[in-house]
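Laboratory data are not the source of any read-out in this text; all were calculated from the coordinates shown. These numbers come from a predicted model, not from an experiment. Virtual Cβ from ideal backbone geometry, glycine too; neighbours counted across all protein chains shown.
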Amino acid sequence: MDREDHDEVPLPVRAEARWPMVTAVVLAMVLTVLRPAEVRVAPPWVLPAIESVLLVILIARDPGRIDRRSGALRGLSICVVGILVVDALAATGLLISVLIHGGQATNSAAELLSAGTVVWLSNMIAFALLYWELDAGGAAARAYRMPRSLDLAFPQQLNPEVAPPGWRPIFIDYLYLGLTNSTAFSPTDVFPLVPWAKIAMGVQELISLAVLGLVIARAVNVFT
């Protein structure tokens, strides 16, 4: 069976559970609280408060599995993810500024490595959520049908014979993409095919390279 025939087979709705996404957002909020004040863009309660309100509304409107296709809900979900991405990018900028100009966090190698780890994890989670939200129209759209034209090409999509019929990526696949892109600094098994995906993956690679390189170099300098 070729790919076109494979795509034409009617498939049941395969809606994702919402708890993995909620868990990732909650973890991102916890990481915000754990950041040193120097790499925090607002008081520690601000982001968790905003994200909590948005999450409650999102879960109330579409509880359980993500299967309700709604422009308003998609916009709300993009807002949740967008705030985390902007916050992670701002924290990265602040961390780089502290590494260049000096600050309290740079006085101790342990504190510096801790701050760098928190910022790196924040970016990894934020970009994983971004890929999950934007790919193929979002989780609700993917639950009904994957488009012929892919945004992100997973191995199971490039080689359908290695996957069960109707395979669709879920949050763990995007989390793995965020992790590998942050550590390998390049695509590994998932390939970006459209401009937004290439830009997002490129930005994440540059952020990860800058954070890891500068933090490790400064920590070595502090040790010596």
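How big is the Rg/Rh ratio for region 109-224, C-alpha atoms only, Rh by Kirkwood, two decimals?
Numbers: Rg = 16.6 Å, Rh = 15.3 Å.
Radius of gyration over Kirkwood radius for region 109-224 works out to 1.08.
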Ala72 neighbourhood, Cβ < 13 Å, K/R = +1, D/E = -1, net charge +3
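Take each complete run of DSSP H in the chain, measure how far its Cα atoms stretch along the helix's own axis, and keep only those covering 20 Å or more with mean Kyte-Doolittle hydropathy at least -1.0; list them. Can you show the working numbers first?
Working: long enough: 19-34 (22 Å, 2.24); 46-61 (23 Å, 2.16); 71-101 (44 Å, 1.94); 109-134 (37 Å, 1.27); 195-223 (42 Å, 1.39).
Counting only whole DSSP H runs, the qualifying helices are 19-34, 46-61, 71-101, 109-134, 195-223.
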Amide H proximity to Ala153 below 5 Å, modelled H, separation 5+ or other chain, gives Phe191, Leu193
With no solvent term and unit scatterers on the alpha-carbon positions of region 7-223, Debye gives log₁₀ I(q)/I(0) at q = 0.12 Å⁻¹ of -0.66
Once amide hydrogens are built 1.01 Å from N within the peptide plane, the residues lying 5 or more places from Glu16 or on another chain with amide H under 5 Å from its amide H are Ile66
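Using R₀ = 41 Å, calculate the FRET efficiency as 1/(1 + (r/R₀)^6) where r is the Cβ-Cβ separation of Ile50 and Ala163; round to 0.05.
Values: r = 38 Å, r/R0 = 0.92.
Once the sixth-power term is evaluated, E becomes 0.60.
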Eigenvalues of the alpha-carbon gyration tensor of region 57-148, times 5 and square-rooted, give semi-axes in Å, largest first, of 36, 12, 11
